[in-house]
1. Go ahead and set up a Gaussian network model of the chain, Cα springs under 10 Å, then flag whichever of 89, 175, 164 fluctuates most.
2. Taking the Cα centre of each part, how many Å lie between the stretch 32-62 and the stretch 206-227?
3. Please list the radius of gyration and Dmax for the chain, considering alpha-carbon atoms only, with Å as the unit.
4. Which percent of the accessible heavy-atom area of the chain goes to carbon and sulfur, probe 1.4 angstrom?
5. Over the chain, with a Gaussian network built from C-alpha contacts below 10 Å, which listed residue (38, 235, 113) shows the highest mean-square fluctuation?
6. Hand me the trypsin sites (Lys or Arg not before Pro) from the stretch 177-220 located in a DSSP loop with no more than 14 other Cβ atoms within 10 Å, in residue order please.
7. I want to verify a result. In a Gaussian network model of the chain, Cα cutoff 10 Å, which of these has the top mean-square fluctuation: 109, 70, 62?
8. What are the membrane-span-like helices in the chain by this rule: whole DSSP H runs, Cα extent along the axis at least 24 Å, mean Kyte-Doolittle hydropathy at least 0.0?
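The values are calculated or read from the model by the stated rules, or taken from the named source; none is laboratory data. In this text the structure is predicted, and so the values were computed from the model without any measurement. Quick reminder, even Gly has a Cβ in these numbers, built from the backbone with ideal geometry, and neighbours come from all protein chains shown. What goes into the accessible areas is simple: the full protein's heavy atoms, side chains included, and nothing from ligands, DNA or RNA. Shrake-Rupley method; radii C 1.70, N 1.55, O 1.52, S 1.80 Å.
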Amino acid sequence: MTGVKKQKSVRPRIACEITLDRVIAARASERLPRLEMFTSRQLPPGAVAPGLGGPNVLNGEALRTAIKGALGAVSGNLRDVIVIVPDAAIRVLLLDFDALPEKAQEIEAVIRFRLKKSLPFDVDGAAVSYELKRGPDGVRVVAAVSPRAIIEEYESAFRDEGYAPGVVLPSSLAALGTMEGERPTLLLKVDPTNIMIAAAEHQELRLVRTLDNPNGANVSAEELAEGVLPSIVFFEDTFAAHVEQIYVGGVDRMDEVGPLLHEHTGARVQELAPEISLEQNLSGEHLSPSLMAGIAGALLG
């Protein structure tokens with residue numbers, strides 16, 4: 001799964017995720033499907049303000065310093081980097097069409113026209129990426145879109161430090177790469193501003209929803225369950241499939257969230273947390289494994 005990107009034939013071996021309070025960077029092994037090393041650098045409060053309605057990078061110097069420190073520790077001579085940004089900076093939508101043209105330029109024009117009905121910003125000047133799958137019942141498109149100026153803010157911070165941001169992904173879309181996704185599976189990813197819900201089956205993204213998270217890190221298990229249950233009901237009714245697995249990321253109360261979601265759904269619930277080890281961590285700072293989900297998914301998924 002890709003986000004707002006420029007096509008490249010080889011996946012970069014380094015990735016860097018920007019969150020509200022830190023920058024995390026990692027390098028993948030050249031031969032094995034594992035992270036070789038990772039590190040992080042803190043951001044001062046207010047350095048980034050993710051959203052679609054205005055500037056996202058409010059302290060460019062602090063962001064560039066953090067990128068330089070984090071990527072400099074893991075990159076070696078590598079310069080092509082996967083950039084992972086907060087979910088609030090890129091809108092992801094699923095679109096269904098009866099048919100689409102064959103030429104890429106014509107496809108994009110049709111997708112942009114459809115997106116105009118759904119988004120509160122100028123789609124003609126936006127950065128748009130998409131993946132499509134043609135089937136006997138029509139065409140399913142996964143589209144990622146953001147105002148071009150916002151993508152440019154993030155990309156320029158990397159270019160200023162000598163890196164080539166060939167791929168830009170929202171955090172949840174990147175994290176999907178850590179999921180097996182063959183059986184009906186739900187991703188519930190929480191950050192200080194949004195709750196992202198995504199469902200996949202047979203390696204296809206079936207549902208994407210973004211909910212406001214007014215309580216930030218203080219959101220309760222009951223509020224999360226209340227927010228996600230309508231999406232589960234919709235998925236199961238629409239696709240006649242029972243959610244078997246739920247991955248949860250970005251919450252501190254897994255001991256409360258897990259049992260509550262299992263009680264309501266019967267699904268197996270576990271933390272969205274790739275395997276990492278102390279030996280891979282160059283910073284010495286403890287990082288919750290769930291913070292590494294986006295980078296692991298982008299590099300290894």
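1. 164
2. 22
3. Calculated on Cα positions, Rg and Dmax stand at 18.6, 52 Å.
4. Answer for the chain is 50 percent, counting heavy atoms of protein chains only.
5. Evaluated over the chain, the most mobile residue of the options is 113.
6. Filter output for the stretch 177-220: empty list.
7. Result: 109 has the largest fluctuation of those listed.
8. Taking the DSSP H segments of the chain (at least 24 Å long, mean hydropathy at least 0.0), we get 221-239.
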